[in-house]
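Everything below concerns the one structure shown next.
Laboratory data are not the source of any read-out in this text; all were calculated from the coordinates shown. Only a predicted model underlies this, so the values are computations on that prediction, with no experimental measurement involved. Quick reminder, even Gly has a Cβ in these numbers, built from the backbone with ideal geometry, and neighbours come from all protein chains shown.
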């Protein structure tokens with residue numbers, strides 16, 4: 001056999017390996033092929049090829065493994081069981097940029113499924129290797145590494161801490177300054193994933209100067225980048241007053257309000273989420289957002305969106321209103337109650353209705369004036385209906401009941417209370433009757449209207465336990481009227497009159 005023939009054998013072997021990994025990589029891109037590939041033992045066949053002497057075979061084998069691991073947690077676990085990760089990590093730093101991207105893809109695909117699989121990436125030294133890749137000259141390598149690190153950090157505090165301890169955050173900050181938009185996006189997303197878990201992690205990110213850098217970029221025209229920027233700022237703000245104040249001090253507002261008119265739904269949602277996370281901490285922070293026009297802008301935006309996009313704005317109004325009478329009145333003056341009423345009637349999802357009911361309760365519980373604003377929007381019967389409907393979720397029933405009771409205990413606007421006399425169950429009815437017992441003794445016009453509208457008659461029909469608070473409230477109401485009127489509207493009195501008529505003997 002000639003030298004040429006021998007070389008041809010090796011060339012054919014190399015060509016066959018290349019053809020195999022390329023075909024497997026192509027097939028792995030189609031979900032319908034995955035089960036067959038798995039049953040054919042594809043993992044054990046690809047494993048030696050990631051250490052092949054030919055770089056292009058290594059890269060394509062890694063790509064195929066990444067696609068398989070990305071498909072399901074079972075396949076990702078198979079990658080871990082086959083002991084493939086240590087081989088990938090060992091070669092990650094020393095190989096060329098194409099291999100680095102492919103290997104980072106495998107680590108990212110494995111880490112995304114669960115904390116345990118992400119921990120497997122940490123345990124084999126994957127995080128340290130990926131952080132080194134953030135220093136690579138090639139932006140594509142940095143992007144791939146950052147994506148993998150994000151999939152590790154997002155699961156829990158310990159995994160995020162491992163990314164932080166490996167020194168990723170300063171390098172992610174440098175990635176934010178790179179010209180490539182995809183790299184900026186994934187870097188901002190990564191910071192968000194680290195910050196979300198604990199105040200300590202968020203503070204560690206803030207200490208690198210992250211807030212100022214994120215703030216400088218919020219008016220960038222790229223919608224996907226803005227989504228991640230506002231997400232990161234929200235995750236920082238949510239933990240404490242101090243962190244929220246740092247975001248405010250970076251002069252995010254009122255510039256960020258222009259993004260509430262952004263064409264991208266999720267940019268608008270994330271801006272509103274940021275405001276929600278800021279206002280929940282204190283009256284002072286709420287006042288800052290109100291003063292810069294943030295609350296009015298959010299109320300306007302609630303009319304332009306539906307579903308989950310409304311949720312942060314709905315909750316923001318509740319948080320603002322919670323803090324003080326003045327802030328709750330600001331929500332009312334800005335037509336916030338009207339907008340919440342629309343949300344309550346338009347939204348089919350129970351968790352959105354529950355959040356809306358909670359916010360309405362936070363507005364109405366302060367004073368009679370606040371309660372009247374809610375009552376005049378016809379919200380009391382709606383809250384009662386949501387509480388009583390068997391189809392309402394447990395959370396929706398609980399929040400509707402709590403909101404209704406807190407508003408009723410302040411409401412002295414009797415025209416809104418009277419319909420509840422006919423529909424409310426006894427545990428709600430006692431609060432309604434209590435309010436009548438407070439107002440009627442001091443308002444002659446209300447007493448007259450209470451009689452002519454049928455309210456007094458309805459109160460006489462209530463079956464209250466003797467000595468109960470409800471019976472006490474009824475007695476107080478009855479004491480506001482002449483005895484003969486109370487008797488006239490009491491159940492059975494007409495029969496008594498008819499009996500007296502039958503027994504009446506006219507004087508001749």
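Points worth noting:
- Cα-based values for the range 16-172, radius of gyration first and Dmax second, are 14.5, 46 Å.
- Taking every alpha-carbon pair under 8 Å whose residues sit at least 6 apart, the range 16-172 reaches a relative contact order of 19 percent.
- Overall form of the range 129-206: prolate. Here a/c, set by the Cα gyration tensor axes a ≥ b ≥ c, is 1.5 or more, and a/b is the larger of a/b and b/c.
- Rg and Dmax [Cα atoms of the range 310-417; Å; Rg one decimal, Dmax integer]: 12.2, 36
- Mean separation of Cα contacts under 8 Å (6+ apart) over length of the chain, as relative contact order %: 6 percent
- Of the peptides 410-416, 255-261, the order by per-residue mean of other Cβ atoms within 10 Å, starting with the highest, comes out as 410-416, 255-261.
- Using the Cβ-Cβ distance between residue 203 and residue 338 with R0 set to 45 Å, the FRET efficiency from 1/(1 + (r/R0)^6) comes to roughly 0.65.
- Our note on the geometry: Cα centres of the range 1-79 and the range 404-442, 74 Å apart.
- Scoring 292-298, 303-309 by mean Cβ neighbours within 10 Å over their residues and listing the highest first yields 292-298, 303-309.
- Cα centroid separation - the range 228-276 against the range 304-352, whole Å: 18 Å
- C-alpha long axis of helix 379-388 to longest principal axis of the chain, angle in °: 70 degrees
- Inverse of mean 1/r across different Cα pairs in the range 365-425, Kirkwood, Å: 11.5 Å
- Per-pair calculated FRET efficiency, R0 = 30 Å: residue 306 and residue 220 via Cβ, rounded to 0.05: 0.65
- Extension gain for residue 346 to residue 12 (0.36 nm times residue separation, less C-alpha to C-alpha distance): 113.6 nm.
- Per-peptide average of other Cβ atoms within 10 Å, ordering 205-217, 5-17 highest first: 205-217, 5-17
- For the chain, the longest principal axis of the alpha carbon atoms and the long axis of helix 426-439 meet at an angle near 50°.
- Rounded tilt (10° steps) of 394-408 against the dominant C-alpha axis of the chain: 40 degrees
- Applying the Kirkwood pairwise sum to the alpha-carbon positions of the range 399-475 produces a hydrodynamic radius of 12.6 angstrom.
- Computed lengthening from residue 156 to residue 74, 0.36 nm per intervening residue step minus Cα-Cα distance: 27.4 nm
- Shape call, the range 167-268: gyration tensor on alpha carbons, a/c limit 1.5: oblate
- Extension gain, residue 284-residue 389: 0.36 nm per intervening residue step, less the Cα-Cα distance, totals 33.9 nm.
- Equivalent ellipsoid dimensions for the chain as semi-axes, Å, which come from the Cα gyration tensor, largest first: 68, 27, 16
- Our summary of shape: the Cα atoms of the range 256-380 have principal axis extents of 40, 34, 20 Å, ordered from largest down, in whole angstrom.
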